[in-house]
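Asks: Below is a structure I'd like to ask you about.
The values are calculated or read from the model by the stated rules, or taken from the named source; none is laboratory data. What you see is a predicted model; the values in this text were computed from it and never measured. Cβ atoms come from the backbone with ideal geometry, glycine included; neighbour counts cover every protein chain shown. The area values use the complete protein model at the heavy-atom level, side chains included, leaving out ligands, DNA and RNA. Shrake-Rupley method; radii C 1.70, N 1.55, O 1.52, S 1.80 Å.
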Amino acid sequence: MSPVFPMLTVLSMFYYMCLRRRARTATRGEMNSRRAIESNTRALPINVEIVQYAKEVLDFSSHYGSENSMSYTMWNLAGIPNVYPSSGDFTQTAVFRTYGTWWDRCPSARLPFKRTPSTFCSQDYVELAFEEPVYPTAVHILETYHPGAVVRILACSANPYSQNPPAEVRWEILWSEAPTKVNGPQARQFTPCIKQINFPTNLIRLEVNSSLLDYYTELDAVVLHGVKERPVLSLKASMIDMNDIDEDEDEEKYGCGMDTLNKQFSIVTLREWPTNGYFDKLPYELIQLILSHLTVPDLCRLAQTCKLLYQHCCDPLQYIHLSLQPYWARINDTSLEYLQSRCTLIQWLNLSWTGNRGAISVSGFSRFLKVCGSELVRLELSCGHFLNETCLEVITEMCPNLQELNLSSCDKIPPQAFNHIAKVGSLKRLILYRTKVEQTALLSILNFCSELQHLSLGSCVMIEDYDLIASMMGAKCKKLRSLDLWRCKNITESGIAELASGCQLLEELDLGWCPTLQSSTGCFTNLARKLPNLQKLFLTANRSVCDTDIEELAANCTHLRQLDILGTRMVSPASLRKLLESCKDLSLLDVSFCSQIDNRVVLELNANFPNVFIKKSFTQ
């Protein structure tokens, strides 16, 4: 046979594979509108496009607002726009808790996990349910203030309104991009070019990264465009794009199906090679160091190449620090079971965002910790809605060396379950933001966990008497360095006095949106005099903060780096100048909605103190 024919056969097979792939996933840029579908499939029936706003907000990781109101909360994303196309700071929008890099530069900042893939940069998320499942053709995000935070859009195969839960929940990435800085805070409609998927969805997830923003991003509404029947392109539209040749590789790397990751975790039959090349000549420790730079999926792939590398890739020393948060959509009981033998020495474990919608069971989580919990020092479980009282009991029994526990936004844990945390006397960091912890359980924790250095109680609405809590902190938690009391509803000058007297090592204190604190009682001047090590102080939305408070901070808290006095009417430009002259390390000063500080004053202060980011928000 002529050598030409095998070449033609190969080319034919290559062409067939490209067409098959294109038929399965369509082109990346041609399926995002009904016009594209109609123009490329004129012989096919027209598939009418459905346009719908979010019906309900199902889940989110954080929000600026209170649990008992609608202002600045994620629930504002449901329904039609409230603000758009207007620009500015409006309470009717959805706002996440943080922005910029300020939270990474304060005493409570946590060390990042290594091996986090560069493609994962999400910091927060919100999940939205729509009325009708559709094949998405476009997603419009109405951003009304400081846009540019959205970095990923995902679609889920599960219908949140279905009576029968699916056997498997699939997540597909519709669009993903690294954070970018948008010029200007003005409103915009963000419509990225999304990928076509092969299942209908009425559950959309937005993931955001606000690290490049100068202020809080505000979202008004999300619009989902889609069709009921799966669109199919004609051969005319099936042009081969060389960028699609690596599509399978991209799906394996970034896809959200469970099977892919679990296959990588599983043990496979490895070929026997007579030699392992130059790896036989390298010291064991050097190979371990080289492999420590690989992400978890890459480590699992490499383990399938030969027995030598399998031995290295399965060495428990490679899993001392393990973050599974970037793979939240693919982690389930099977994944944890595969990882057990590799994680017997694990010290840091991040399971944040994982396990929801039945992916991780209580029994699966418990089995994993019984094998791998003895050396755990840090455990991140933010937004782990599978957690219940049994899970907390297992954590306290199986993790005797635990020092850091993050239960942020674990709002499904029943109040009585938090009593178990008191058994972990070695705790140094405890994050209970947006949980249902009650006063009795918290008092017990404070009484027995005297080593606490960092404590977050932001938006814990079930605590009845914060003065009593503050008094217990002052008496028992002498090593406390950071305390978050964001939106605590009833702390008074009495509790602040007890706290300041007993916790004099405090470097960070968040009293934002605490309406019962009044400057006239002397609570803020008392703080300034008793806490000279303060680096971060948030007095957000306290209208009573006055010049006397600012001058006391200037005189006593010279290490201050971040100060938020948003909303005060009593602070003059003169006192701010004293503060800026005294606190040489100050880098953030939020004077938004401070009635005496107009734009002219801000420009003057910026000119005289260029190293300080002075924020002045506005509303149009």
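Asks: Which of the residues belonging to the stretch 357-368 are in a helix (DSSP H, G or I) and surrounded by fewer than 20 Cβ atoms within 10 Å (Cβ to Cβ)? Reasoning before the result, please.
Replies: Our first condition is that a residue be in a helix (DSSP H, G or I); within the stretch 357-368, this holds for 362-368.
Correct list: VAL362, SER363, GLY364, SER366, ARG367.
Asks: It is to be established whether one or more residues within the stretch 421-437 are in contact with a Ser or Thr (Cβ under 9 Å, 6 or more places away or on another chain) and open to solvent by 50 Å² or more (accessible area, probe 1.4 Å).
Replies: yes
Asks: Quick one: would you say THR98 is in a loop (DSSP other than H, G, I, E, B), open to solvent by 10 Å² or more (accessible area, probe 1.4 Å), under 30 Å from LEU322 (Cα atoms) and modelled with pLDDT of 95 or more? Before the answer, list the steps.
Replies: Values: in a loop (DSSP other than H, G, I, E, B): yes; open to solvent by 10 Å² or more (accessible area, probe 1.4 Å): yes; under 30 Å from LEU322 (Cα atoms): yes; modelled with pLDDT of 95 or more: yes.
Taking the combined requirement at face value, the residue satisfies it.
Asks: What number of residues within the stretch 518-558 satisfy the criterion of being open to solvent by 40 Å² or more (accessible area, probe 1.4 Å) and small (Gly, Ala, Ser)?
Replies: Number satisfying all stated conditions: 2.
Asks: Mind telling me which of the residues VAL591, VAL601 ends up being surrounded by 17 or more Cβ atoms within 10 Å (Cβ to Cβ), among the hydrophobic types (A, V, I, L, M, F, W, C) and under 32 Å from the mean Cα position of the chain (by Cα)?
Replies: Numbers: VAL601 fails: under 32 Å from the mean Cα position of the chain (by Cα).
Every option except VAL591 fails the conditions.
Asks: Take the residues in the stretch 378-416 that are polar (S, T, N, Q) and within 24 Å of the chain's Cα centre (by Cα); name whichever of them is surrounded by the most Cβ atoms within 10 Å (Cβ to Cβ).
Replies: Step one: list which residues in the stretch 378-416 are polar (S, T, N, Q), which gives 382, 388, 390, 396, 401, 403, 406, 408-409, 416.
From what's left, within 24 Å of the chain's Cα centre (by Cα): 382, 388, 403, 406, 408-409.
Numbers: SER382: 20, ASN388: 15, GLN403: 19, ASN406: 23, SER408: 22, SER409: 26.
Only one residue tops the list, namely SER409.
Asks: Another question about this same structure. What strands (runs of 3 or more DSSP E) lie completely within the stretch 482-538 and have 1 or more residues being in the same structural domain as ILE565 (by the TED database) and within 32 Å of the chain's Cα centre (by Cα)? I'd like the intermediate steps shown before the answer.
Replies: Working: elements: 482-484, 508-510, 536-538.
Once the strands (runs of 3 or more DSSP E) in the stretch 482-538 are filtered for at least 1 residues that are in the same structural domain as ILE565 (by the TED database) and within 32 Å of the chain's Cα centre (by Cα), what remains is 508-510, 536-538.
Asks: Is it fair to say GLN347 is in contact with a His (Cβ under 7 Å, 6 or more places away or on another chain) and open to solvent by 60 Å² or more (accessible area, probe 1.4 Å)?
Replies: On the way: in contact with a His (Cβ under 7 Å, 6 or more places away or on another chain): yes; open to solvent by 60 Å² or more (accessible area, probe 1.4 Å): yes.
Criteria met by GLN347.
Asks: Any residue at all in the stretch 334-342 that's within 24 Å of the chain's Cα centre (by Cα) and of a type in the set (Lys, Arg)?
Replies: no
Asks: Kindly indicate whether ILE197 is assigned to a loop (DSSP other than H, G, I, E, B), surrounded by 16 or more Cβ atoms within 10 Å (Cβ to Cβ), of a type in the set (A, V, I, L, M) and modelled with pLDDT of 95 or more. Please lay out each step first, then the result.
Replies: Numbers: assigned to a loop (DSSP other than H, G, I, E, B): yes; surrounded by 16 or more Cβ atoms within 10 Å (Cβ to Cβ): yes; of a type in the set (A, V, I, L, M): yes; modelled with pLDDT of 95 or more: yes.
Here the answer is yes, as ILE197 does meet what is asked.
Asks: Pull out all pairs, ordered by first then second residue, where Cβ-Cβ is under 7 Å, the residues are six or more apart or on different chains, the first lies in the stretch 390-414 and is more than 13 Å from PHE365 (Cα to Cα), and the second is modelled with pLDDT of 95 or more and among the aromatic types (Phe, Trp, Tyr).
Replies: From residues that are more than 13 Å from PHE365 (Cα to Cα), the pairs are SER408/TYR433; SER409/TYR433.
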